Amino acid sequence: MAKRLFTIVLIFISIRHDVKCQWNIIYSSDTLLTAVNFVSPDSGFIGGEGLLKRTTDGGIHWNDCNGFTSESKILDIDFVSNDLMFLSSLEEQPIWKSIDGGADWENISDILVGGPIYDLDVVSDDISYGGGLGGYVYKTDDGFDFLNIYNVSAEDILSISFPDSDTGYVAGGLYAFLKTENGAETWIDVNTMFINALLVDFCSPATGYVTDQYDLYRTNNYGNTWNLLTIPGPMDRILALECVSDLVCYIAGDDPLGNSYILKTTDGGESWINTVIDPTLSPPNKIVCVNDSVCYALSSNGLGNAFYVLKTNNSGGITSTFETIITTQYYLYPNPANDLVHLSLLNQESIMQITTFNLLGEVVNVKFDNSLNAFINSLPNSYYMTEVVCNDGKYFIYWVKQ
């Protein structure tokens, strides 16, 4: 029977760190969780189907917010301060406001014309924006009421980001990626990449990221030009994007086999750190970071009956740093594998060492013989990474035992 051969993308490894921590489940619910945000490392909210909870101790304890009475799905939560905050929900009157830290909530949706607001972005004590159904952008310039309404050339606004009070971007799918420089009064098309922009996030007026779930672009010159970034490893779909600073950004997604990843860059996307997440969880669809190290994310078991809040206190538990893809001349097959794998390469004489790691960065007992075959019967079903040290550097191969 013919063997099925897979070309494995190989990545130069520059740094390896010991794993001390990772993304841990800090809250589990049988109710769908759809929103998360934190105003400080300890104080934050989660929302879902008719659910709104608050923690003041970093997720150890969660309490119901009794002032919120809606049974609809919460879409987003954002803060002006510890006391003043907004949330949007999937209902006819979709926006709520609290002025006492979330203890009481007031619906302020009488002026909304487009329906649900999918994304909120607080810029300052006075200025906040929201975007949603029908391509409408809503703005408050007094910190209380969204009285300014603008219609954008997009069917729906899925993501909105304002790095300052006047400059902002909206991603609306169907090739809608627009920019304003006058506080949402007028908009220009900046979609020079011709992508279906779904997520956008700016961490400063000059620097931001946009993705259509499959490609990731970065600008560092106020959106005038955009550079396509290389996402290493098997992850091929981006479901969450969180820009922390000009150089630090997180993305979350999965690979064709459904394994989950959260990657971090500390150099503006030139290299990516593979953080530690249980690959059997569904890929997080939301990430929020209070600072470079403390972040929260939403995930699930993928079966529709368990939903999780994840937290990291150390940037996700770094495993390794990936740089530019430099070769595809190495092969490992079959992949996925059951009991035996074979490593094939053009120059076998250049190999100095072969080491295999699990997702925690631990060395596992995989021995390649002189013919570059290795028996893997004793390995648990999971993702593995085999490091090949050659005369010209180190290379990484991803493969699956099933």
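Tabulated results
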{"quantity": "Extreme residue, farthest from Asp145 (Cα to Cα), among residues of the stretch 56-89 that are in contact with a Lys or Arg (Cβ under 7 Å, 6 or more places away or on another chain) and open to solvent by 80 Å² or more (accessible area, probe 1.4 Å)", "calculated": "Asn63"}
{"quantity": "Pair list, Cβ < 6 Å and 6+ apart or interchain, from the stretch 222-235 residues that are in contact (Cβ under 8 Å) with a residue 12 or more places away in the chain and under 15 Å from Phe177 (Cβ atoms) to residues that are in a loop (DSSP other than H, G, I, E, B) and of a type in the set (Gly, Ala, Ser)", "calculated": "Tyr222/Ala206"}
{"quantity": "Leading residue by the ranking (least open to solvent (accessible area, probe 1.4 Å)) among those in the stretch 364-389 that are at pLDDT below 90 and over 23 Å from Ser260 (Cβ atoms)", "calculated": "Val388"}
{"quantity": "Conditions (1) open to solvent by 30 Å² or more (accessible area, probe 1.4 Å); (2) at pLDDT 85 or above; (3) assigned to a loop (DSSP other than H, G, I, E, B); (4) not acidic (Asp, Glu); number of the one not met by Tyr150", "calculated": "(3)"}
{"quantity": "Residue in the stretch 98-119 that is modelled with pLDDT of 90 or more, of a type outside the set (Phe, Trp, Tyr) and either open to solvent by 20 Å² or more (accessible area, probe 1.4 Å) or closer than 20 Å to Phe307 by Cα (or both) present", "calculated": "yes"}
{"quantity": "The stretch 56-97 - residue that is among the aromatic types (Phe, Trp, Tyr) and in a strand (DSSP E or B) and, of those, modelled with the lowest pLDDT", "calculated": "Trp96"}
{"quantity": "Residue among Thr186, Thr230, Thr140 that is at pLDDT below 95 and open to solvent by 40 Å² or more (accessible area, probe 1.4 Å)", "calculated": "Thr230"}
{"quantity": "Boolean, Gly134 is touching a residue at least 60 places away in the same chain (Cβ under 8 Å) and either more than 22 Å from Ile238 (Cα to Cα) or of a type in the set (D, E, K, R) (or both)", "calculated": "no"}
{"quantity": "Lone unmet requirement of (1) open to solvent by 40 Å² or more (accessible area, probe 1.4 Å); (2) under 15 Å from Trp187 (Cα atoms) for Tyr129", "calculated": "(1)"}
{"quantity": "Residues satisfying the stated conditions in the stretch 266-286, i.e. surrounded by 24 or more Cβ atoms within 10 Å (Cβ to Cβ) and part of a strand (DSSP E or B)", "calculated": "Trp272, Asn274"}
{"quantity": "Residues that are more than 32 Å from the chain's Cα centre (by Cα) and at pLDDT below 75, drawn from the stretch 348-363", "calculated": "Gln348, Glu349, Ser350"}
{"quantity": "Residues of the stretch 34-55 satisfying the condition of being touching a residue at least 60 places away in the same chain (Cβ under 8 Å), in a strand (DSSP E or B) and surrounded by fewer than 22 Cβ atoms within 10 Å (Cβ to Cβ)", "calculated": "Thr34, Asn37, Gly48"}
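The values are calculated or read from the model by the stated rules, or taken from the named source; none is laboratory data. Note that this is a predicted model, so its numbers are computed, not measured. Neighbour counts are summed over all protein chains in view; Cβ atoms, including those assigned to glycine, are modelled from backbone coordinates with ideal geometry. Please note that ligands, DNA and RNA were not included when accessible areas were found on the heavy atoms of the full protein model with its side chains. Shrake-Rupley method; radii C 1.70, N 1.55, O 1.52, S 1.80 Å.
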